[in-house]
Amino acid sequence: MNRVAGLVVLLWLLPAWPATAQQETPAFRTAWGDPDLMGVWDFRSLTPLQRPRELAGKSVLTVEEAAAYERERVALLDKDRRTGDGLSSAGDVANAYNEFWWDYGKELTDDRRTSLVVDPPDGRIPDLTSTGQARRASRREMRRRDAWSPVDRGVAERCILGFNAGPPMNPSAYNNNVQIFQAPGYVVLLNEMVHDSRIVSLDGRGHLPGKMRQWRGDSRGRWDGDTLVVESTNFTEKTSFSGSGQAMRLVERFTRIDDGTVLYEYTVDDPDSFVSPWTVAIPMKHSDQPLFEYACHEGNYGMTNLMESARAVDAQRAVSGAQ
């Protein structure tokens, strides 16, 4: 009789066991137990990096305000910018026709924030230091000069780095996608733009010596609970983000919020460039589309044309000077 009673109790409990086990098993885990961040993630957003000055003191839009903003912004971006009779012309090409060529996104963040910057609370990037201001002025002057060689042009024009791949990653005109791969002890961040990959070790090794500098810095990672924390240092003086310099210490955080969202946060700490650190939060949405190879130089005659134009200007100046 006791055996029968025990069997009845066992059969009664069996249906509950899988559910209980499922509740105790952490969600979004890899086969080796790390939080699972793998997939293609889209970080497009109409939310501006900094809060517009006309929205000072307003951190979140109402539902109605957000809907109106999205409609107005999409209409502006999609406006037919062709000139004259619509045929090809210098102005037509410069105006990029319309939104067909861009991919800024069509929505604000789900929480309807007025800026991606979440700290400082005013939603604005802190002021540059005197050193940062001098560096920005120098870079601006360099861009105005004639290009004597390709190295006088920016790294994006030379297909060395994209303008949104970072680090840090930030929404921009197009190719706002990153694919995350994971293996025991490593995470790889593959950005669509210029198909660059960052291999982030998780084994606790230190950063490279200070004299070794890299285009995208030197990244080291660790887990803080379910959040991947990536710290990058050793940047070069040839790269900058919103005024940063080679002394920037960048801390990125990746947290799986739900099946379709990874919260991407980053903090820029660069006392040489900014009067205080600042933090950005960007929700990245899962994409079921694959990444295609980013062809930058293939069929690109931009650099050749730029150099030929600069030499033509030199020739004109030589003729004018001889007269």
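The values are calculated or read from the model by the stated rules, or taken from the named source; none is laboratory data. Model, not experiment: these values are computed from the prediction. Cβ placement follows ideal geometry from the backbone for every residue including glycine, while neighbour counts extend to all protein chains displayed.
Suppose we keep only residues that are without any contact (Cβ under 8 Å) to a residue 60 or more places away in the chain and among the β-branched types (Val, Ile, Thr) within region 303-323. Which one would you say is nearest to residue 157 (Cα to Cα)? Ranking the candidates gives 304 first.
To keep it simple, each residue is scored yes or no on (1) over 27 Å from the mean Cα position of the chain (by Cα); (2) aliphatic (A, V, I, L, M); (3) at pLDDT 60 or above; (4) surrounded by 10 or more Cβ atoms within 10 Å (Cβ to Cβ).
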position	(1), (2), (3), (4)
20	yes, no, no, yes
47	no, no, yes, yes
56	no, yes, yes, yes
73	no, no, yes, yes
78	no, no, yes, yes
82	yes, no, no, yes
86	yes, no, no, yes
103	no, no, yes, yes
109	no, no, yes, yes
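Can you confirm whether residue 256 is of a type in the set (Lys, Arg), touching a residue at least 60 places away in the same chain (Cβ under 8 Å) and buried (at least 19 other Cβ atoms within 10 Å of the Cβ)? It is true that residue 256 is of a type in the set (Lys, Arg), touching a residue at least 60 places away in the same chain (Cβ under 8 Å) and buried (at least 19 other Cβ atoms within 10 Å of the Cβ).
Just name the residue that is surrounded by the most Cβ atoms within 10 Å (Cβ to Cβ) out of those in region 183-192 that are more than 12 Å from residue 221 (Cα to Cα) and over 11 Å from the mean Cα position of the chain (by Cα).
190
Screening residue 227 on (1) touching a strand residue (DSSP E or B) at 6+ places or on another chain (Cβ under 7 Å); (2) within 21 Å of residue 210 (Cα to Cα); (3) surrounded by fewer than 19 Cβ atoms within 10 Å (Cβ to Cβ) shows it passes everything except condition (2). Taking the criterion of being modelled with pLDDT under 95 and more than 24 Å from the chain's Cα centre (by Cα), the residues of region 22-45 that qualify are 22, 23, 24, 25, 26, 27. Give the residues of region 143-162 that are more than 17 Å from residue 300 (Cβ to Cβ) and charged (D, E, K, R), sorted by residue number. Answer for region 143-162, where residues must be more than 17 Å from residue 300 (Cβ to Cβ) and charged (D, E, K, R): 143, 144, 145, 146, 152. For region 211-227, filtering for residues that are hydrophobic (A, V, I, L, M, F, W, C) and within 14 Å of residue 248 (Cα to Cα) leaves 1.
Please work out if residue 293 is touching a helix residue (DSSP H, G or I) at 6+ places or on another chain (Cβ under 8 Å) and within 18 Å of residue 163 (Cα to Cα). Yes; evaluated as a whole, the condition is true for this residue.
What number of residues in region 165-183 are out of contact with any Phe, Trp or Tyr (no Cβ under 8 Å at 6 or more places or on another chain), closer than 19 Å to residue 232 by Cα and in a strand (DSSP E or B)? Total meeting the criteria: 2.
In this structure, does residue 166 turn out to be in contact (Cβ under 8 Å) with a residue 12 or more places away in the chain, in contact with a helix residue (DSSP H, G or I) (Cβ under 8 Å, 6 or more places away or on another chain) and within 19 Å of residue 41 (Cα to Cα)? No: the conditions fail for residue 166.
So, of the residues in region 271-304 that are of a type in the set (A, V, I, L, M) and outside any loop (DSSP other than H, G, I, E, B), which turns out to be nearest to residue 119 (Cα to Cα)? The qualifying residue nearest to residue 119 (Cα to Cα) is 280. Residues that are out of contact with any Gly (no Cβ under 9 Å at 6 or more places or on another chain) and assigned to a loop (DSSP other than H, G, I, E, B) within region 185-206 comprise 185, 204, 205, 206, listed in sequence order. Counting only residues that are assigned to a helix (DSSP H, G or I), touching a residue at least 40 places away in the same chain (Cβ under 8 Å) and of a type in the set (Gly, Ala, Ser), region 126-153 holds 1 of them. In region 242-253, the residues that are part of a strand (DSSP E or B) reach residues that are crowded, with 21+ Cβ neighbours inside 10 Å and among the polar types (S, T, N, Q) with C-beta atoms within less than 7 angstrom, at least six apart or across chains, in these pairs: 250/232. Is it true that residue 262 is β-branched (Val, Ile, Thr), in contact (Cβ under 8 Å) with a residue 24 or more places away in the chain and over 19 Å from residue 110 (Cβ atoms)? No: the conditions fail for residue 262.
The C-beta contact set for region 273-302 (first residue over 17 Å from residue 190 (Cβ atoms), second residue part of a loop (DSSP other than H, G, I, E, B) and of a type in the set (Phe, Trp, Tyr), distance under 7 angstrom, 6+ apart or interchain) comprises 282/43.
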